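Taking it in order: structure first as structure tokens, then the write-up.
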Amino acid sequence: MHIPDGFLDTKTAITTAVLSAAAVGIALRQARISLPPRSVPTMGLAAAFVFAAQMLNFPVAAGTSGHLMGAVLSAVLLGPAGGMLVMTSVLVVQSLLFADGGLVALGANVLNMAVVATSCGYGIYRLVLRAVPGDRGRVAAVAFASWCSTVIAAICCAGELAWSGTAPWGVAFPAMANVHMLIGIGEALITALIIVALARVRPELLKQGVAALSWGSAVMYGLVLVLGLVVFVSPFASAWPDGLVKVAEVLGFDQKALEGAGHTALMPEYQIPGLGSAAAATVIAGALGTILVFGFSFILAKFLIPPSRPNL
């Protein structure tokens, strides 16, 4: 669902950038108030995991693939403010270093996947959890909220395409919604399985929506696991286009991405120029990106959260 440059016009890019900046500013302030010091490594690990998971496309149907977005997962672990910052960190690194989402379209991508998906998904999660309490209720709430977050973000993307004149609303809306209803099933299943696993091995991470993970555990176990996904699984991810790219191909505006290409990323499409093996390039680029996202989010959290505040 990463929008490349060329799909959006100037007014849409500017408007979404302003809205995203305002929302992220509020999230920064809220995180400074609400997140405890021990959530710092968890924030870095969550960002690294989301980055790695987004490299692992799974086949959906009719030559289309999808990947975990991770908005609800991040929000459940860190609260909506922390989740929003995690998603923003991932999207910034993806855009700047890998051209995964355009630089001009960064505001729209942050709005869709970091702001709307996280806040709406977390709100739905809390509502369902209130109606159906307990462990089973939590799994159901996470799954339903994850599916909803994917579809809602896709609908927002369709609205931006329509407002830009790229595709009519009556065409963009059903095309984006239908394919992401299927992708949302994968999002729901993966997120629910992760939450079930965490509930069994580290149930304290799911209490009160704020995770507390020790620095040693984050590095020794979490980051190693994430890098393992990148090294051993990412080369075998589905090569089919994702939902937005497939819709662009079907509706005939995919060439706009080539026309709107603005900046040259260091490792475009998770490849390293000059390296002959595509699989090796993906592994190296993904590993570097995972480490950078972890470090960026960790430093951001370290800067935001006063060390003197008591852990909750």
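The values are calculated or read from the model by the stated rules, or taken from the named source; none is laboratory data. Predicted model only: the values in this text are computed from it and were never measured. When we count neighbours, we look across all protein chains shown, and the Cβ atoms used for this are built from the backbone with ideal geometry, even at glycine.
Is it the case, given these coordinates, that Ala22 is without any contact (Cβ under 8 Å) to a residue 12 or more places away in the chain, over 11 Å from Ile305 (Cβ atoms) and among the small types (Gly, Ala, Ser)?
yes
Quick one: is Ala199 over 20 Å from the mean Cα position of the chain (by Cα) and either buried (at least 17 other Cβ atoms within 10 Å of the Cβ) or in contact (Cβ under 8 Å) with a residue 12 or more places away in the chain (or both)?
yes
When the range 109-139 is examined, which residues are found to be over 22 Å from Ala31 (Cα atoms), touching a residue at least 24 places away in the same chain (Cβ under 8 Å) and hydrophobic (A, V, I, L, M, F, W, C)?
Val139
Filter the range 140-167 for residues that are within 13 Å of Val247 (Cβ to Cβ) and among the small types (Gly, Ala, Ser) and give the result.
Of everything in the range 140-167, those that are within 13 Å of Val247 (Cβ to Cβ) and among the small types (Gly, Ala, Ser) turn out to be Ala154, Ala158, Ala162, Ala167.
Out of all the residues in the range 270-279, is one or more surrounded by 12 or more Cβ atoms within 10 Å (Cβ to Cβ), at positive phi, under 20 Å from the mean Cα position of the chain (by Cα) and modelled with pLDDT of 75 or more?
Scanning the range 270-279 turns up at least one residue that is surrounded by 12 or more Cβ atoms within 10 Å (Cβ to Cβ), at positive phi, under 20 Å from the mean Cα position of the chain (by Cα) and modelled with pLDDT of 75 or more.
Restricting attention to the range 58-85, report how many residues are part of a loop (DSSP other than H, G, I, E, B) and at pLDDT below 90.
Count: 2.
Among the listed residues Val18, Val115, Val92, which satisfies the condition of being among the β-branched types (Val, Ile, Thr), crowded, with 23+ Cβ neighbours inside 10 Å and out of contact with any Asp or Glu (no Cβ under 9 Å at 6 or more places or on another chain)?
Exactly one residue qualifies, and that residue is Val115.
Among all residue pairs at least 6 apart or on different chains, which show Cβ distances below 9 Å where the first residue, located in the range 271-292, is touching a residue at least 24 places away in the same chain (Cβ under 8 Å) and farther than 21 Å from Val50 by Cβ and the second is part of a helix (DSSP H, G or I) and β-branched (Val, Ile, Thr)?
Listed pairs, sorted by first residue: none to list.
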